[in-house]
Every structure is written in structure tokens, then in C-alpha cells.
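Readers should treat all values here as calculations from the given coordinates under stated rules, not as data from a laboratory. Computed from a prediction, not measured in an experiment: that's the story for all the values here. In this analysis, Cβ positions are derived from the backbone assuming ideal geometry, glycine residues included, and neighbour counts consider all displayed protein chains.
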């Protein structure tokens with residue numbers, strides 16, 4: 001495989017996988033907390049968690065620059081310790097994490113809200129702690145919905161463009177993901193390479209979604225549920 005194609009492909013897979021790992025735990029944990037909450041404060045917090053899903057990528061990228069840029073709230077402190085986030089693949093992971101967080105959160109919250117409260121109350125009556133109830137009752141019953149959200153988030157991460165471009169830039173063999181490579185090829189008038197990358201990205205996303213659907217239908221990941 002041509003190096004010009006191999007690097008963006010591998011980087012996109014790595015960035016998307018790490019982003020899912022970074023976003024997964026906090027998204028699932030917060031979704032579990034918010035699943036039974038009601039009221040104005042709950043609606044406000046839910047809106048904040050969902051906001052990256054509806055904000056324009058440029059707005060989201062600008063917020064991240066304000067936070068992580070050299071003169072940003074956290075960026076200036078990180079730079080003092082020699083930690084560089086801007087224009088690195090780690091910055092691409094952070095941008096992707098923020099973008100896909102709402103997908104995992106929303107799917108997980110819906111899944112947790114559908115867990116029968118009576119089962120959780122019964123476990124509590126038998127003396128189970130909140131920690132044990134979560135891992136033995138709530139999480140297993142909500143796992144199918146969480147898995148669907150994670151797979152969709154992974155596929156979405158493969159195509160992340162706007163926020164990644166603003167945070168990580170489009171540096172060949174350093175921060176150039178598949179989406180950025182497509183953009184660069186189009187800008188350079190290399191339609192043949194752009195089309196090839198588009199097909200690879202499309203087939204990769206289709207494969208991820210098909211695998212997720214197959215696993216859900218056959219219950220390969222949830223044999224004990």
C-alpha cells in the first residue's frame with residue numbers, strides 16, 4: 001500500500017480507537033448518573049454533554065484552541081512543562097474525543113434509562129452497594145445500547161475533520177488523517193487519490209457498522225444477557 005495512503009489510514013484508526021477509549025468511560029459513567037435525573041439542572045447538563053454534537057466544527061475547534069492553545073487556559077500551563085498539544089496527533093485524539101463523546105453518552109443514557117428500576121431496587125434491598133448494582137445489574141442490561149453507541153462513535157471518529165484540522169493541522173506523516181488527506185488531495189487537484197481515499201473511508205465505516213449490527217443481532221458480545 002502506498003505510504004501516502006497507509007499513514008492516514010493507520011493514524012485514523014489509532015486516533016478513533018484512542019478517542020473511544022478516552023470518551024467511553026466518562027460518557028458511560030455520566031450517562032448512568034443522568035439517566036434517572038430530572039429537572040432543569042439535569043436538562044442543562046444533558047445539553048452541555050450533547051453540545052459538541054450540534055456545534056459547527058469550527059466553533060468546537062475554536063473552543064479547543066482557547067483551552068489548549070499556547071495562550072489557552074490549559075495550554076499555557078502545559079507549555080510551561082514542555083507539553084505540546086497543538087499540531088500533534090495527540091491533539092487530534094483530544095478533538096476526536098470531544099466530538100464523539102455525545103454519541104456514546106446519548107446511547108448510554110437511553111440504555112440505562114430502559115433498565116428496570118425494580119431490579120436495581122431489589123439488588124439494593126438485598127444489600128448490594130451502588131458500585132455493585134452498577135456492575136452486576138445496570139451495566140450488563142445496558143451493554144447492548146452502550147456497545148452500539150461506541151461502534152457508531154468509532155465510525156464517526158474515522159471521518160472527523162473540522163475540529164481536528166483546527167487543533168492538529170494537516171501535516172503529512174504527522175497529523176494527517178484520512179479525512180484531512182482527502183481534503184489535501186482535493187485541494188491539490190489529485191482527484192484520483194481523493195476518490196480512492198473516499199472509497200477506503202466509506203468502506204471502512206460500512207465495515208464497522210456492519211460488524212456492530214452483526215454482533216448485536218447474533219448477540220456475540222452479549223451471550224449471557
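For the chain, what is the mean residue ellipticity at 222 nm derived from helices alone (per DSSP H run of n ≥ 4: -39500 (n - 2.57); sum divided by total residues; nearest 500 deg cm²/dmol)?
So the calculated ellipticity at 222 nm is -24500 deg cm²/dmol.
Rank the residues 107, 81 as a footprinting-exposure proxy: fewest other Cβ atoms within 10 Å of their Cβ go first.
81, 107
Can you give the angle from 0 to 90° between the axis of helix 57-68 and the longest principal axis of the chain, with both taken from C-alpha atoms, to the nearest 10?
Rounded to the nearest ten degrees, it is 90.
Report the far tail of the P(r) of the range 42-164, meaning the percent of Cα-Cα pairs longer than 23 Å.
Summing the P(r) of the range 42-164 above 23 Å gives 48 percent of all pairs.
How far, in degrees from 0 to 90, does helix 40-54 lean away from the longest principal axis of the Cα atoms of the chain, to the nearest 10?
That helix lies at roughly 30 degrees to the long axis.
I need the peptides 122-132, 149-159 ranked by packing, meaning the mean over residues of other C-beta atoms within 10 angstrom, with the highest value on top.
149-159, 122-132
Report the Rg/Rh value for the chain, based on alpha-carbon coordinates and the Kirkwood definition of Rh.
Answer for the chain: 1.04.
Can you give me the P(r) profile for the range 71-132? Cα pairs, bins 10 angstrom wide beginning at 0, each as a whole percent.
17, 25, 19, 19, 17, 2
Working from Cα positions, state the angle (0 to 90°, nearest 10) between the long axis of helix 139-158 and the longest principal axis of the chain.
Rounded to the nearest ten degrees, it is 10.
Would you please state the base-10 log of I(q)/I(0) at q = 0.21, 0.24, 0.25, 0.27 1/Å for the range 142-219, with intensities from the Debye formula using one equal scatterer on every alpha carbon?
These q points yield log10 I(q)/I(0) values of -0.92, -1.05, -1.10, -1.20.
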